[in-house]
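Undergrad: Sending over a structure as structure tokens; questions will come in a sec.
The values are calculated or read from the model by the stated rules, or taken from the named source; none is laboratory data. Note that this is a predicted model, so its numbers are computed, not measured. We place every Cβ from the backbone using ideal geometry, glycine too, and count neighbours over all the protein chains shown. Heads up: the accessible areas ignore ligands, DNA and RNA and are worked out on the full protein's heavy atoms, side chains in. Shrake-Rupley method; radii C 1.70, N 1.55, O 1.52, S 1.80 Å.
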Amino acid sequence: MNIIIVGCGKVGYTLVEQLSNEEHNIIVVDKNSEKVQYITDNLDVMGVVGNGVSYQTLLEAGLSTANLVIAVTGSDEENLLCCVIAKKAGNCQTIARVRNPIYNSEIDFLKEEFGLAMIINPELIAAREIAKMFQFPSAIRVDTFARGKVEMLHCKLTKDSPLIGTKLMHLSQVVKVNVLVCEVLRGEDVIIPNGHFVFEEGDIIAIASNRKNARTFFKNAGIMKHPVKNAILAGGGKISYYLAKSLIASGIDVTIIEQNPNRADFLSEELPEATIILGDATDKAVLEEENYQTADGFACLTGLDEENILMALHVNASSQAKTVTKVNRITFQNVIDKLDLGSIIYPRITTADYIVKYVRSKSAVQDDNKVETLYKLANGKAEALEFNITAESGITNIPLQQLKIRPNTLIGSIYRSGKVIFPGGQDMIQVGDTVMVVLSGYRISDIEDILEDEEV
């Protein structure tokens, strides 16, 4: 696809990085020449210096042949205007980043009236991801499929876990419940395990399960955390605002610590059910005054990665809280992932995943069986994808054990007529199913791509 990305900030850079790896033709646009220079020097893309809301600038960037324009500048209004111009002047789809909460209730109206393919709000997406982690605190990450009917839950095995030294084929005997282990991250290696796989300390495993079985699994695997009934949010930015609304609606007591008086006043007015504390969340005395040691949940959501990381390390060392740490920069992701930060949320990566899913679905040869959901796993080394099966094909009505499926591929679940199936060899994919697939080492846009190529 020919893609124009307007805005070379953190999200723009991550988008370019991921989409260029998928062999799309990309041109970036930004008013800041240094940002354009940096991104074109480091990634294999072309760049145009100019205002993305200018028709002439978009033409220079190749609007006449563009398939998609993505506007992710720092201004919601510029993003919307850029997409309107691109839609009117070019024959392309458009995606706009819109972050201001005042537009949140108008997203559907804006999308329809402006003819946008997607409006994306990184802070709202991040808040939803954090809310899922608080709702299931035993997991360090929760990915959902089939409209929430199927969940992939990630957890780290500690030295005390009874799973250490256990073969996968004997897992159900230890945890007393059936779950499907989809993927294991061991150091830098991504493993789609077979029955002879042996669990080791430090493994990060991803299981597909329903919530009832998952709770039994976590309890018997020795990694169960108690439910979150109250949470402290350090920092009162947009993510905290959206997260607080979600947690309050779920019956969780919320305290927000914010050091900007004007922002604290805004939060007090908009979130009357939350407790708003004017103070510095990195100040140990402030945390102690708010009894952080007794909090069930703690989210580190300030604007500085360093502050969030230090807070998470301190909270984890002195409390039993479920912690979530927001990290914006991903330069040192491998190092950060090894620290005891609880769950880590990278807003720009979650945002990019949503957009990559859309691009991947539009890149499919046909509309049947295209990507509906996509999650990057193991620092991008693996993927979990969801497909709606809308037509018969080479993967339907054939027992799974008879399909010639590519290595490092697992069919994680089938959702059919309100029932979740964790499939065995005799199960078959049928038209109308929603299918979740986990794979490593290659990318797909259509579920038939999991099949090995037939020899000529």
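Undergrad: Per residue, how much accessible area does the chain have with a 1.4 Å probe, in Å²? All intermediate terms of the calculation are to be shown ahead of the outcome.
TA: Numbers: 20810 Å² over 456 residues.
Per-residue value: 46 Å².
Undergrad: Where both partners of a DSSP beta bridge lie in the chain, what percent of those bridges are antiparallel, to the nearest 5?
TA: Numbers: 45 of 86 bridges.
Rounded to the nearest five, the antiparallel share is 50 percent.
Undergrad: Another question about this same structure. How large is ³J(HN,Hα) for each residue in region 440-445, as worked out from phi by the Karplus curve 6.51 cos²θ - 1.76 cosθ + 1.60 (θ = phi - 60°), to whole Hz, x for Gly and Pro?
TA: Karplus values, whole Hz, x for Gly and Pro: 9, x, 7, 10, 9, 10.
Undergrad: Within the chain, what's the longest run with no chymotrypsin sites (Phe, Trp or Tyr not before Pro) in a DSSP loop and at most 15 other beta-carbon atoms within 10 Å? Give the range, please. Working shown, then result.
TA: Working: sites that count: 332, 442.
The segment 1-331 is the longest one with no such site.
Undergrad: From the phi of every residue in region 10-25, what ³J(HN,Hα) in whole Hz does the Karplus formula 6.51 cos²θ - 1.76 cosθ + 1.60 yield, where θ is phi - 60° and glycine or proline is x?
TA: 5, 5, x, 5, 5, 4, 4, 4, 6, 6, 5, 5, 9, 6, 8, 8
Undergrad: How many angstrom separate the Cα center of region 247-268 from the Cα center of region 387-411?
TA: 47 Å
Undergrad: Then there is this: For a quick check of understanding: with a 1.4 angstrom probe and all protein chains in place, what accessible area in square angstrom does residue 65 have, to the nearest ten?
TA: Number for this one is 90 Å².
Undergrad: Taking region 137-202, which trypsin sites (Lys or Arg not before Pro) meet the DSSP loop condition and have no more than 16 other C-beta atoms within 10 Å?
TA: Numbers: sites: 141, 147, 149, 156, 159, 167, 176, 186; in loops: 149, 159, 176.
Filter output for region 137-202: 149, 159, 176.
Undergrad: Here's a follow-up. Taking the Cα centre of the chain as origin and charging only Cβ (+1 Lys, Arg; -1 Asp, Glu), how large is the dipole, in debye to the nearest 20? Before the final figure, lay out the partial values.
TA: On the way: 44 positive and 59 negative charges, 221 e Å.
Once rounded to the nearest 20, the dipole reads 1060 debye.
Undergrad: Follow-up. Using Cα pairs closer than 8 Å and at least 6 residues apart in sequence, work out the relative contact order for region 15-81, in percent.
TA: On the way: 68 pairs, mean separation 17.4, N = 67.
With pairs under 8 Å counted, the relative contact order is 26 percent.
Undergrad: Could you point to the residue in 377, 391, 402 farthest towards the positive end of region 355-438's charge dipole, with +1 and -1 charges on the Cβ of Lys/Arg and Asp/Glu respectively?
TA: 377
Undergrad: In whole percent, and with a 1.4 Å probe on the protein chains, what portion of the accessible area of the chain is carbon and sulfur?
TA: Values: 9590 of 20810 Å².
Looking at the chain in its full context, I get 46 percent from C and S.
Undergrad: What is the sum of charges, Lys and Arg at +1 and Asp and Glu at -1, for the other residues whose Cβ falls under 14 Å from the Cβ of residue 245? All intermediate terms of the calculation are to be shown ahead of the outcome.
TA: Numbers: positive: 128, 238; negative: 123, 253, 269, 270, 273.
Taking every other residue near residue 245 into account, the sum is -3.
Undergrad: About the Cα centre of region 3-54, how large is the charge dipole given +1 on each Lys and Arg Cβ and -1 on each Asp and Glu Cβ? Please answer in debye to the nearest 20. Intermediate values should be presented prior to the final figure.
TA: Values: 3 positive and 7 negative charges, 55 e Å.
So the dipole magnitude of region 3-54 works out to roughly 260 debye.
Undergrad: Which shape class, rounded, prolate or oblate, goes with the chain when its Cα gyration tensor gives a ≥ b ≥ c as root eigenvalues, a/c under 1.5 marks rounded, and past that a/b bigger than b/c marks prolate?
TA: Working: a/c = 1.77, a/b = 1.03, b/c = 1.72.
Cα axes put the chain in the oblate bin.
Undergrad: While we're here: Please give the calculated 222 nm ellipticity per residue for the chain, where each DSSP H segment of at least 4 residues contributes -39500 (n - 2.57) and the sum is spread over every residue; nearest 500 deg cm²/dmol? Please report the intermediate quantities before stating the final value.
TA: Details: 14 runs with 142 residues, N = 456.
So the calculated ellipticity at 222 nm is -9000 deg cm²/dmol.
Undergrad: Rounded to the nearest 0.05, what FRET efficiency do residue 81 and residue 38 have when you use their Cβ-Cβ distance and R0 = 25 Å?
TA: Working: r = 25 Å, r/R0 = 1.00.
Given R0 = 25 Å and the Cβ-Cβ separation, E is 0.50.
Undergrad: Which of 361, 423, 333 sits closest to the plus end of the dipole of region 316-429, meaning its Cα is farthest towards the positive end, when Lys and Arg get +1 and Asp and Glu get -1 on the C-beta?
TA: Result: 333, furthest along the dipole toward the positive end.
Undergrad: If the only charges are +1 at each Lys and Arg Cβ and -1 at each Asp and Glu Cβ, what is the size of the charge dipole of region 299-424 around the Cα centre, to the nearest 20 debye? Don't jump to the answer; show the numbers that get you there.
TA: Values: 15 positive and 12 negative charges, 51 e Å.
Rounded to the nearest 20 debye, it is 240 debye.
Undergrad: May I ask you to evaluate 6.51 cos²θ - 1.76 cosθ + 1.60, the Karplus curve with θ = phi - 60°, for each residue of region 206-220 and list the ³J(HN,Hα) values in order in whole Hz, giving x for glycine and proline?
TA: 10, 10, 9, 6, 8, 5, 4, 5, 5, 4, 5, 4, 4, 5, 7
Undergrad: Using modelled amide H (1.01 Å from N, peptide plane; none on Pro or chain starts), what sits under 5 Å from the amide H of residue 99, excluding residues fewer than 5 places away?
TA: So residue 99 has HN proximity to 76.
Undergrad: Need one value: the accessible area of residue 278 in square angstrom, 1.4 angstrom probe, rounded to the nearest 10.
TA: Accessible surface of residue 278 is approximately 110 Å².
Undergrad: For residue 110 and residue 283, calculate 0.36 nm times their separation in residues minus their Cα-Cα distance, and state this gained length in nm to one decimal.
TA: Length gained, residue 110 through residue 283: 58.1 nm.
Undergrad: Hey, another quick one. Which whole-number percent is the relative contact order of the chain (Cα, under 8 Å, 6+ apart)?
TA: Relative contact order here is 11 percent.
Undergrad: With r as the distance between the Cβ atoms of residue 91 and residue 338 and R0 = 45 Å, compute the FRET efficiency 1/(1 + (r/R0)^6) and round to 0.05.
TA: Details: r = 47 Å, r/R0 = 1.05.
For R0 = 45 Å, the calculated efficiency reads 0.45.
Undergrad: While we're on this one: Could you pull out the pairs from 156/381; 238/362; 111/381 whose alpha carbons sit more than 22 Å apart here? Let's see the in-between values first.
TA: Working: 156/381 18 Å; 238/362 31 Å; 111/381 33 Å.
Table pairs above 22 Å Cα-Cα are 238/362; 111/381.
Undergrad: Report residue 170's accessible area, 1.4 Å probe, all protein chains in place, as a number in Å² to the nearest 10.
TA: 80 Å²
Undergrad: Considering the options 104, 92, 144, tell which one lies farthest towards the positive end of the dipole of region 56-197, charges being +1 on Lys and Arg and -1 on Asp and Glu at the Cβ, about the Cα centre.
TA: Working it through, the farthest residue towards the positive pole turns out to be 144.
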